[in-house]
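Notes follow the structure.
The values are calculated or read from the model by the stated rules, or taken from the named source; none is laboratory data. On a predicted model such as this, the values are computed, not experimentally measured, just so you know. FYI the Cβ positions are ideal-geometry reconstructions off the backbone, even for glycines, and counts take in every protein chain you see. For the accessible areas, the whole protein counts, side chains as well, though only heavy atoms, and no ligand, DNA or RNA atoms are used. Shrake-Rupley method; radii C 1.70, N 1.55, O 1.52, S 1.80 Å.
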Amino acid sequence: MRRLFFALPLALAACEAPPQPLTPEQSAALKPADARLAALYESSCKACHAVADSGAPLTGDRTQWDARWAKGETVLLQHTQVGFAAMPAGGQCFTCTPADHAALIRFMAGRAQ
């Protein structure tokens, strides 16, 4: 019985619900907690990452980000810095540092800490 008591929380943790898609309105309501990052996000990232028809993965929508995230943060950062598909180099953020880009990627991918 004691083993069951300790095993049950582990089993329940493994049964995490799969991510659900967000609407563009839900995505548009999200913003980084850090004021500086929020300003960078508002002025650069949000124009595409909160618009479904842009082709960019919606901010916070893990159903769109998980496959990209699986490629690794380094790849996502490189895509951001040099451009990838329709994404312009630097994500149109001319004042963003690599650390800013990394934090914004984590936020948009739903992995901000």
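List of remarks:
- Residue among Gly60, Gly55 that alone is on the phi > 0 side of the Ramachandran plot and at pLDDT 95 or above: Gly60
- Among the residues of region 33-52, the one identified as in a loop (DSSP other than H, G, I, E, B) and in contact with a Leu (Cβ under 7 Å, 6 or more places away or on another chain) is Ala50.
- Region 64-82 residues that are at positive phi and open to solvent by less than 50 Å² (accessible area, probe 1.4 Å), paired with ones that are at pLDDT 95 or above and of a type in the set (Gly, Ala, Ser) (beta carbon under 7 Å, 6 or more apart): none
- Residue list for region 97-113, restricted to those being touching a Gly at 6+ places or on another chain (Cβ under 8 Å) and either open to solvent by 50 Å² or more (accessible area, probe 1.4 Å) or more than 22 Å from Ala29 (Cβ to Cβ) (or both): His101
- Restricting region 75-94 to residues that are out of contact with any helix residue (DSSP H, G or I) (no Cβ under 7 Å at 6 or more places or on another chain) and not in a helix (DSSP H, G or I), the residue that is nearest to Ser43 (Cα to Cα) is Phe94.
- Pair list, Cβ < 8 Å and 6+ apart or interchain, from region 86-113 residues that are farther than 17 Å from Ala56 by Cβ to residues that are part of a loop (DSSP other than H, G, I, E, B): Asp100/Cys93; Ala103/Pro32; Ala103/Asp34; Ala103/Ala112; Ala112/Pro32; Ala112/Ala33
- Hey, Leu58 buried (at least 20 other Cβ atoms within 10 Å of the Cβ), hydrophobic (A, V, I, L, M, F, W, C) and touching a Leu at 6+ places or on another chain (Cβ under 6 Å) or not: yes
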